[in-house]
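All of the numbers you see were taken from the coordinates with simple rules; none came from a lab. Worth saying up front: this structure is predicted, and the values here are computed from it rather than measured. Cβ atoms come from the backbone with ideal geometry, glycine included; neighbour counts cover every protein chain shown.
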């Protein structure tokens, strides 16, 4: 789409791209924005994605809109960096993802018949495999090929488990997964209590335990990231209430663990009654 068409049909998008141009201007742009490159803005991209997730968890539409704008700006920033290297621009990114989505949804944009989620996933992986072959990137024939090493650890663990499940390397039911968790807990405690075990040994056993818990989340069709976000928010909410109650007396620092636990249980009980 030409710039004039973009200005006409998507004026605010054109405005955002213009803002990015100004920020990166070698002479009149922002000193901080001019100094950035692909690597330096990655942490900000990750942070913005988490802030979007947090806004969604709060169900705050105004904040969701605001945070999505911040995340979109990250894409615009990468597009500008690619344009400066004569590699790609915003339009090329948009075209690439649109073409990819059309390719990966033949049941929507073509006449393919896909009736189940399993068929949908199989088709998705088959198209991805064809794309990798076309790029000459499919030399690794393992079932675990092309799972990014830099993926967030929890997501990568679940991805590894899902791939293995495709060939039958998986527990048959959740009870077997739960039994494995109990086994891993015992191994963590044994490593803790064995003087001959090193910190690395304990770390390894804790990793195995976390992997097993993620397996239970997968079998329960629970997104572990979402579950942990909610657990973090619940813990923070309850602890702040414990703090507030403690501040009416002597404060947390002067309390014993037993006293703090009593406040914690009181907060939980009050939440339970409020729900009713």
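Calculate I(q)/I(0) for segment 140-222 by the Debye formula, one identical point scatterer on each C-alpha and no solvent, and give its log10 at q = 0.14, 0.15, 0.25 Å⁻¹ to two decimals.
-0.56, -0.63, -1.16
Give me the base-10 log of I(q)/I(0) for the chain at each q in 0.08, 0.10, 0.13, 0.14 Å⁻¹, Debye formula, one uniform scatterer per Cα, rounded to two decimals.
Listed by q, the Debye log ratios stand at -0.59, -0.89, -1.26, -1.33.
As an exercise, use a Förster radius of 35 Å and the Cβ-Cβ distance of residue 164 and residue 135 to find the FRET efficiency, rounded to the nearest 0.05.
Working from the Cβ atoms, E equals 0.90.
Give me Rg/Rg_expected for segment 130-188, where Rg uses Cα atoms only and Rg_expected = 2.2 N^0.38 Å with N residues.
Cα Rg divided by the expected 2.2 N^0.38 Å: 1.47.
What distance in nm separates the two pseudo spin-label positions at residue 269 and residue 109, each 7 Å out from Cα along the beta-carbon direction?
Distance between label points: 5.9 nm.
Post the alpha-carbon centroid distance, segment 34-78 to segment 101-151, in whole angstrom.
Taking the Cα centre of each part, segment 34-78 and segment 101-151 sit 27 Å apart.
With angles folded into 0 to 90 degrees, how steeply does helix 117-134 sit against the dominant principal axis of the chain? Use alpha carbons for both and round to 10.
So the helix axis and the longest Cα principal axis differ by about 50 degrees.
Let's test the formula: R0 of 30 Å, r as the Cβ-Cβ distance of residue 14 and residue 54. What FRET efficiency results, to the nearest 0.05?
0.50
For segment 78-223, state the semi-axes of the equivalent ellipsoid (square roots of 5 times the eigenvalues of the alpha-carbon gyration tensor), sorted largest first and rounded to whole angstrom.
Ellipsoid semi-axes (Å, largest first): 38, 22, 13.
Counting only C-alpha contacts under 8 Å and six or more residues apart, can you give the relative contact order of the chain as a whole percent?
After rounding, I find 9 percent.
Can you pull the three principal axis extents for the Cα set of segment 41-107, in Å, largest first?
That works out to 37, 37, 18 Å along the principal axes.
What FRET efficiency do you get for residue 249 and residue 47 if R0 is 41 Å and r is their Cβ-Cβ distance, rounded to the nearest 0.05?
According to the calculation, E is roughly 0.65.
Treating only the Cα positions of segment 180-276 as identical point scatterers, give the base-10 log of I(q)/I(0) from the Debye formula at each q in 0.13, 0.17, 0.22, 0.23 Å⁻¹.
Result of the Debye calculation: -0.74, -0.95, -0.98, -1.00.
Mean residue ellipticity at 222 nm from the helices of the chain, using -39,500 (n - 2.57) per DSSP H segment of n ≥ 4 over the full residue count, to the nearest 500 deg cm²/dmol?
My calculation for the chain gives -24500 deg cm²/dmol from helical runs alone.
Once you wrap a convex hull around the alpha carbon atoms of segment 31-152, what is its projected area averaged over all directions, in nm²?
10.8
Could you state the principal axis extents of the C-alpha atoms in segment 225-275, from the largest down, to the nearest angstrom?
Principal axes ranked by extent give 36, 23, 17 Å for the Cα atoms.
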